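> Below is one structure. I have some questions about it.
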Amino acid sequence: MAQAQPLIEVLRRGCNAFIQYCNERSWCQKLLEIIITVTPEDETHGVNHVLRVTCLATYLATIEHADLDVVIASSLLHDIGRPLEDQINVHHAIASGYVARLLLDLVDFPKDKIEHVINAIITHSFSLGRSPSSLEGLILSDADKIDALGFIGVVRALANGFKTGRGLKGTLKHYHEKLSRLYDLIRLTSAKRIARQLQDDIDKFFREIEQVYTLTEKILRGVKIDYEKTPIHSP
């Protein structure tokens, strides 16, 4: 089993490395400005998620000796097409690939690396079910999964559950179908070191919530209460 590594320390190192790298490249500064401007500030797939994934991926890229241009660009752009998903009925990873191509040309990103960025974006998503075919794609995929774990993952899952209307019951289903499996789906050993404790944290939270929720559900199924006819007594 990989030794757990504290998330906050990883994020601190990754963000510092990202900022330093980005400050030395005009394409990165332009792209970051675009992302901050157009990405919504929600708790699920908003700008904070994008920046955390970018910092995580930058950290992993330095350990794995990956192409930082490709890793940083694909991380910043991996959810850029998400607002279009419902409008054009295309999976957000595919839509993000289309939008990314336009923006990479716009900011003068190295042309010989654009296809590598697109490939990493298209293969990063859990729900699309495609496997990354490059080291940079693996890094983005693992970083995105790490941000769905731990206490940040709890906040994101609950926020998305109530935003989409599936509520707590639907969120528990989402936990069992996806979140409970993420550690096993993470490929890189360096990423597993980060994810180990985070998987334990989110498991503990949802298992306890499920036990409490199940108890009250049993009461509701066993005792039907007509709330409109039940008198309310003032103390």
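The values are calculated or read from the model by the stated rules, or taken from the named source; none is laboratory data. Predicted model only: the values in this text are computed from it and were never measured. Methodologically, a virtual Cβ is constructed for each residue, glycine included, from the backbone with ideal geometry; neighbour enumeration extends over all protein chains shown.
> Being outside any loop (DSSP other than H, G, I, E, B), within 28 Å of Arg196 (Cβ to Cβ) and among the β-branched types (Val, Ile, Thr) narrows it down to one of Val117, Val154, Val99, so name that one.
Step by step, each of Val117, Val154, Val99 is checked, and only Val154 is outside any loop (DSSP other than H, G, I, E, B), within 28 Å of Arg196 (Cβ to Cβ) and among the β-branched types (Val, Ile, Thr).
> Right, here's the next one. Kindly indicate which of Ile88, Ile114, Ile72, Ile121 is β-branched (Val, Ile, Thr) and closer than 17 Å to Phe18 by Cβ.
Ile72
> Taking Ser133 and the conditions (1) free of Cβ contacts under 8 Å to residues at least 24 places away in the same chain; (2) under 25 Å from Gly14 (Cβ atoms); (3) buried (at least 16 other Cβ atoms within 10 Å of the Cβ), which numbered condition does it fall short on, given that it satisfies the others?
The one condition Ser133 does not meet is (3).
> Regarding region 138-147, can at least one residue be identified that is over 20 Å from Glu43 (Cβ atoms), touching a residue at least 24 places away in the same chain (Cβ under 8 Å), touching a Pro at 6+ places or on another chain (Cβ under 6 Å) and not basic (Lys, Arg)?
The answer is yes; a qualifying residue exists.
> Being of a type in the set (S, T, N, Q) and either under 15 Å from the mean Cα position of the chain (by Cα) or at positive phi (or both) is the filter here, so list the residues in region 33-57 that pass it.
Thr39, Thr44, Asn48, Thr54, listed by residue number.
This table checks each residue for (1) at positive phi; (2) modelled with pLDDT of 95 or more.
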site: Ala157; (1), (2): no, yes
site: Gly165; (1), (2): yes, no
site: His176; (1), (2): no, yes
site: Asp184; (1), (2): no, yes
site: Ala191; (1), (2): no, yes
site: Leu198; (1), (2): no, yes
site: Phe206; (1), (2): no, yes
site: Tyr213; (1), (2): no, no
site: Arg221; (1), (2): no, no
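> Can you tell which of Ala148, Ala93, Ala143 is in a loop (DSSP other than H, G, I, E, B) and surrounded by 16 or more Cβ atoms within 10 Å (Cβ to Cβ)?
Ala148
> When only residues in region 123-140 that are among the small types (Gly, Ala, Ser) and not in a helix (DSSP H, G or I) count, which is modelled with the highest pLDDT?
Applying the filter and picking the extreme gives Ser134.
> Identify all residues within region 161-175 that are free of Cβ contacts under 8 Å to residues at least 12 places away in the same chain, over 16 Å from Glu217 (Cβ atoms) and in a helix (DSSP H, G or I); write none if there are none.
Hits for region 161-175 are Phe162, Thr164.
> What pairs come up if the first residue lies in region 98-116 and is at pLDDT 95 or above, the second is among the aromatic types (Phe, Trp, Tyr) and not in a loop (DSSP other than H, G, I, E, B), and their beta carbons are under 9 Å apart, counting only those six or more places apart or on different chains?
Leu104/Trp27; Val107/Trp27; Asp108/Trp27; Phe109/Trp27; Pro110/Trp27
> Are there any pairs, at least 6 apart or on different chains, whose C-beta atoms fall under 8 Å, with the first in region 193-206 and farther than 15 Å from Ala157 by Cβ and the second of a type outside the set (A, V, I, L, M, F, W, C) and modelled with pLDDT of 95 or more, and if so, which?
These pairs meet every condition: Ala195/Asp142; Ala195/Lys145; Ala195/Tyr183; Arg196/Tyr183; Gln197/Gly150.
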